[in-house]
1. Evaluate the following for A127: is it in contact with a Gly (Cβ under 7 Å, 6 or more places away or on another chain), in a helix (DSSP H, G or I) and touching a residue at least 24 places away in the same chain (Cβ under 8 Å)?
2. Look through region 333-374, keep the residues that are free of Cβ contacts under 8 Å to residues at least 12 places away in the same chain and of a type outside the set (S, T, N, Q), and return whichever of them is nearest to N160 (Cα to Cα).
3. Step by step: first the residues of region 66-90, then only those that are touching a Lys or Arg at 6+ places or on another chain (Cβ under 7 Å) and either part of a loop (DSSP other than H, G, I, E, B) or within 16 Å of ligand 2 (Cβ to nearest atom) (or both), then the one that is nearest to L39 (Cα to Cα). Which residue is that?
4. Go through (1) within 16 Å of ligand 2 (Cβ to nearest atom); (2) under 17 Å from T186 (Cβ atoms) one by one and return the number of the condition M445 breaks.
5. Report whether or not P80 is surrounded by 15 or more Cβ atoms within 10 Å (Cβ to Cβ), over 30 Å from P3 (Cβ atoms) and more than 16 Å from ligand 1 (Cβ to nearest atom).
6. Check off (1) part of a loop (DSSP other than H, G, I, E, B); (2) out of contact with any Phe, Trp or Tyr (no Cβ under 8 Å at 6 or more places or on another chain); (3) over 25 Å from G183 (Cα atoms) for R57 and give me the number that stays unchecked.
7. Does region 204-223 contain at least one residue that is surrounded by fewer than 18 Cβ atoms within 10 Å (Cβ to Cβ), at negative phi, within 16 Å of ligand 1 (Cβ to nearest atom) and in contact (Cβ under 8 Å) with a residue 40 or more places away in the chain?
8. Contact list please: Cβ distance under 8 Å, first residue in region 427-443 and under 17 Å from C20 (Cα atoms) and part of a helix (DSSP H, G or I), second residue away from ligand 2 (no atom under 16 Å from the Cβ) and of a type in the set (F, W, Y), pairs at least six apart or on different chains.
Amino acid sequence: MQPVLHYLKQHQKRFLAEFCDYLRFASVSAQPQHKKDLLGCARWLVAHCQQIGLDARLCPTAGHPIVVAKTQRAKGSAQPHFMVYGHYDVQPPEPLDLWQSPPFEPRIQGRNIFARGSTDNKGQNFAHLKAVEAYLKTGTPLPCDLTFVIEGEEEVGSENLDKFLTGHRRELACAAVVISDTGMPTPDCPALTCGLRGIIAFEITLHGPARDLHSGIFGGAVENPAMALAQMLAQARSAQGRIQIPGFYAGIVPLTKYERAQNKRYPLKDAQLKKLLGAPRLFGECGFSATEQRSARPTFEINGLTSGYQGEGSKTIVPAWARAKITCRLVPNQKPEHVRKVVCAWLKKICPPTVRMEITAGHGAEAYHVSPTSAPAQAALRALEKAFGRKPILMREGGSIPIVNQFKKILGADSLLLGLGLPDDNAHSPNEKFSLDCFEKGQRMSAYLWQELAA
Ligand code: BES
Ligand code: ZN
């Protein structure tokens with residue numbers, strides 16, 4: 001291990017320059033105008049993986065390409081095989097005016113690097129690539145065979161990865177999937193994530209009059225779709241945060257005593273969280289801590305709400321339509337299709353006859369849960385402890401990585417979620433950043449991990 005750790009120490013400056021090159025690609029998967037940037041980014045990754053000494057290729061899909069990079073295999077290798085999964089696509093950077101420096105011009109300030117995609121997920125995944133580089137460049141034998149699968153559609157639901165997994169089932173068969181695309185509570189508290197929330201996404205559009213109308217001439221005699229939508233959405237949740245849709249909570253497994261005790265140990269306390277988020281107050285369903293509300297309870301969230309005139313000044317109209325983008329986070333035992341059904345049925349029931357409702361279904365995924373007592377999970381805990389010098393905690397997280405369910409279903413492999421992101425990294429927000437300490441320790445964690453997993 002010494003040469004590997006030494007190599008990592010020696011080359012941080014170059015790693016950082018390469019990381020900046022990676023961050024300069026505006027690989028925004030949700031926006032069609034960035035298709036070329038995604039392709040450019042994927043090509044850059046392939047070339048970079050080859051430079052490191054991996055056997056890398058670009059795999060086209062119906063959407064954005066997938067990058068596959070493998071360590072060279074000895075013929076008939078009996079070493080265990082692990083997949084490292086990550087994504088090179090990023091969330092849209094908007095609103096741009098809130099960024100202190102442009103989202104695709106990486107800026108280093110102190111021990112942080114600011115850019116869209118820095119923590120989610122380019123930096124976290126890059127740490128693993130650098131660890132493997134250290135093995136390959138120092139001629140240190142890797143005790144495992146590794147395959148990196150880095151996709152370009154995670155932020156839009158990984159719609160083409162299923163097919164790819166099915167088509168490459170033999171090549172990708174592995175003992176476990178290693179993923180750094182989650183978080184840790186504080187810089188000196190490493191964590192193994194044992195649960196992620198699931199998700200359903202959809203859009204509701206209410207159509208009113210055939211075109212925007214003069215609100216003085218016609219207002220009052222025709223439904224206002226924005227008001228109708230606001231009234232409908234307001235019924236989805238009580239003022240205390242309890243979701244009011246019949247059947248929404250059906251079948252949810254309550255938190256165990258053990259889990260609740262673990263949650264109490266989570267080091268980021270409510271007061272710190274409130275400060276971090278800049279909210280006037282925290283919010284949430286009675287009887288659950290903030291940690292539990294944001295990891296172990298389901299939600300109904302409005303992600304976007306659009307209608308009528310959004311420009312400067314006023315415009316007196318009754319808008320022709322109103323639209324909401326919604327996602328619900330799901331917890332274990334909530335089936336996405338079932339929740340979708342009860343939500344749609346409820347919306348139809350409460351929709352007034354004065355508007356026509358259109359519902360478009362988006363992506364969906366079940367929640368994920370993995371045992372922390374398996375041999376690979378125990379190995380991961382040891383690697384975290386060695387790299388961070390602290391005992392890691394076990395936690396559930398509220399975000400979703402839909403494809404982990406497919407890794408289990410299609411490949412039979414569990415995912416080890418070794419997050420390097422911090423709560424103040426601003427993932428999906430303006431001024432996203434990644435801590436360079438987490439980057440460095442993440443590289444060491446990855447270097448230890450292969451030893452521990454093979455042991
Ligand atoms: N890295 C996140 C997921 C995440 C973040 C999990 C923090 C746990 C803690 C990932 O890139 C992400 O944002 N996923 C989306 C999935 C969705 C688009 C289907 C999410 O959770 O919103
Ligand atoms: Zn994300």
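1. Details: in contact with a Gly (Cβ under 7 Å, 6 or more places away or on another chain): yes; in a helix (DSSP H, G or I): yes; touching a residue at least 24 places away in the same chain (Cβ under 8 Å): yes.
So A127 passes the test.
2. Going residue by residue through region 333-374, those that are free of Cβ contacts under 8 Å to residues at least 12 places away in the same chain are 341, 345, 348-349, 353, 373.
Imposing the further condition that a residue be of a type outside the set (S, T, N, Q) reduces the set to 341, 345, 348-349, 353.
Numbers: K341: 24, A345: 29, K348: 31, K349: 34, P353: 38 Å.
By that ranking, first place goes to K341.
3. Taking region 66-90 as the starting set, the residues that turn out to be touching a Lys or Arg at 6+ places or on another chain (Cβ under 7 Å) are 68, 88, 90.
So of that shortlist, the ones also either part of a loop (DSSP other than H, G, I, E, B) or within 16 Å of ligand 2 (Cβ to nearest atom) (or both) come out as 88, 90.
On the way: Y88: 10, V90: 13 Å.
Per the criteria, the residue is Y88.
4. (1)
5. Values: surrounded by 15 or more Cβ atoms within 10 Å (Cβ to Cβ): yes; over 30 Å from P3 (Cβ atoms): no; more than 16 Å from ligand 1 (Cβ to nearest atom): yes.
No.
6. Exception for R57: condition (1).
7. No: region 204-223 contains no residue that is surrounded by fewer than 18 Cβ atoms within 10 Å (Cβ to Cβ), at negative phi, within 16 Å of ligand 1 (Cβ to nearest atom) and in contact (Cβ under 8 Å) with a residue 40 or more places away in the chain.
8. Pairs that qualify, where the first residue is under 17 Å from C20 (Cα atoms) and part of a helix (DSSP H, G or I) and the partner is away from ligand 2 (no atom under 16 Å from the Cβ) and of a type in the set (F, W, Y), are F439/F15; F439/F19; Q443/F15.
Bear in mind these aren't lab numbers, they're just calculated from the coordinates by the rules spelled out. In this text, all values refer to a predicted model and were calculated from it rather than measured experimentally. Here the Cβ is made from the backbone with ideal geometry for all residues, glycine too, and neighbour counts use every protein chain on show.
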